[in-house]
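Quick note: the coordinates plus some simple rules give every number you see, no bench work behind them. This is a predicted model, so every value here is computed, not measured. Counting neighbours? That spans all protein chains shown, and the Cβs are built from the backbone with ideal geometry, glycine included.
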Amino acid sequence: MARPQRAPRFLHLLSRAARSAQLVADAGLGDIGLTSAQSGVLFLIPNEGGASVNAVSEGLGLAQSAASVLVQRLEQAGLIERQTDPNDRRAVLLTLTSRGRTARAKAIERARGLNASAIRGFNADEQAVIARWLQHMIDLKEEGRE
């Protein structure tokens with residue numbers, strides 16, 4: 001008698017995949033001196049203008065304290081700097097330095113290559129389903145905050 005098929009353990013697979021993705025991304029960025037989390041910060045700061053620590057925190061889905069640690073490391077590395085927000089003197093904006101813009105451009109190229117590897121073998125319809133499911137998982141977390 002055939003054993004019943006066990007349902008995929010999606011959360012377990014997602015957890016393992018997330019760890020693997022971070023390791024792959026970190027390895028792909030290591031020679032330019034960035035981690036995937038640090039490059040995420042650089043991606044959230046526009047080339048011209050700036051972003052708040054709160055925007056970085058929300059954009060990466062991190063606690064403000066964790067985002068602040070990332071920001072501090074990037075600031076110490078000379079990739080970003082803090083400037084007073086011209087629209088609100090009480091607020092601080094994170095801006096890219098010249099070195100930060102160069103690092104961001106390199107990280108974007110690496111991310112494109114890593115993303116291309118991640119979707120290799122999946123057609124456009126499959127990619128759309130995967131993206132929709134991953135966004136659904138993010139939305140579930142957001143719903144839990146309300």
- Ordering 65-71, 18-24 by per-residue average of other C-beta atoms within 10 angstrom, highest first, gives 65-71, 18-24
- Note on the structure: What the Cα atoms of segment 56-115 span along the principal axes, largest first and in whole Å, is 40, 27, 22
- Note on the structure: Quick shape check on the chain: root eigenvalues a ≥ b ≥ c of the Cα gyration tensor, a/c under 1.5 is rounded, otherwise prolate if a/b tops b/c, else oblate, and it reads prolate
- Message: I'd like the orientation of helix 98-119 relative to the chain: the angle between its Cα long axis and the longest Cα principal axis, in ° from 0 to 90, rounded to 10.
- Response: 10 degrees
- Message: At 7 Å along Cα-to-Cβ for each site, give me the label-to-label distance between residue 119 and residue 66 in nm.
- Response: 2.6 nm
- Message: Suppose only helical runs count, i.e. DSSP H with n ≥ 4. What mean residue ellipticity at 222 nm does that imply for the chain under -39500 (n - 2.57) per run, divided by all residues and rounded to the nearest 500 deg cm²/dmol?
- Response: -21500 deg cm²/dmol
